[in-house]
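Read through the structure below, which is laid out as structure tokens, and then see the notes.
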Amino acid sequence: MSAILPALSVLFAVLATAVPWGLPADATFILPLVVVMMVFCWRALPGATLSPAIAVLLGLLTDVTSGGPLGFWALLCLIASGAGTRAQALGEGNEVSLLWLVWIALVAGLAGFGWLLASLYFLRWVDWWPIAFGAVASMALFPVVWHGVAWIRRGRLGPNRTATYRWRA
């Protein structure tokens, strides 16, 4: 696997945040949180090479494309990168449920932290609903993104078929 492939896949997700999808105002945080989730997944995948510095740069690009405060998504990507590194032992198996639980806890914490950070930035309590809606949507999308990242890493769908099987008649 190329070392640039993880960064290119996250870059594609960052560029997708800039596309006017026509989503309602409550869904503005879904796509940037998918970028953060992809950073987490690439860092949790054993053998994948997405450096924290690249994650921060992609987060800064997400800030620019989403129109948010500069550094907001970069900080969340850096936190997700660190959490993904710590969860890497869970990513070695084919079981997604443990990583899914880690992501649920992480995104709940990130949503609360992000809401407080945004409130501090604007010096008033911002509406909590859009970031909560984005966090719940990212919780639901985690298996899709995880399998997509694993597919990009393997280059094909399905389990690893390198083992030789013997059929009995």
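Checked against the criterion of being at pLDDT below 95 and of a type in the set (A, V, I, L, M, F, W, C), the candidates 169, 83 yield just one match: 169.
As a summary of the residue check, residue 81 satisfies the conditions (1) touching a helix residue (DSSP H, G or I) at 6+ places or on another chain (Cβ under 7 Å); (2) farther than 19 Å from residue 12 by Cα except for the one numbered (2). For the range 76-95, a residue qualifies if it is under 11 Å from residue 45 (Cα atoms) and surrounded by fewer than 22 Cβ atoms within 10 Å (Cβ to Cβ), and the qualifying residues are 85, 86, 87, 88, 89, 90, 92, 93, 94.
From the list 90, 98, 106, 117, the one residue that fits, being under 17 Å from residue 38 (Cα atoms), touching a residue at least 40 places away in the same chain (Cβ under 8 Å) and more than 12 Å from the chain's Cα centre (by Cα), is 90.
A Cβ distance below 9 Å, combined with a sequence gap of six or more or placement on separate chains, defines the contacts here; from the range 1-16, residues that are in contact (Cβ under 8 Å) with a residue 24 or more places away in the chain reach residues that are assigned to a loop (DSSP other than H, G, I, E, B) and surrounded by fewer than 13 Cβ atoms within 10 Å (Cβ to Cβ) in the pairs 1/47; 1/155.
Scanning the range 61-105 for residues that are more than 19 Å from residue 30 (Cα to Cα) and of a type in the set (D, E, K, R) gives 86, 92, 95.
The values are calculated or read from the model by the stated rules, or taken from the named source; none is laboratory data. Here the structure is a predicted model, which is why all the values come from computation and not from measurement. A quick note on method: Cβ atoms are made from the backbone with ideal geometry, for glycine too, and the neighbour counts reach across all protein chains shown.
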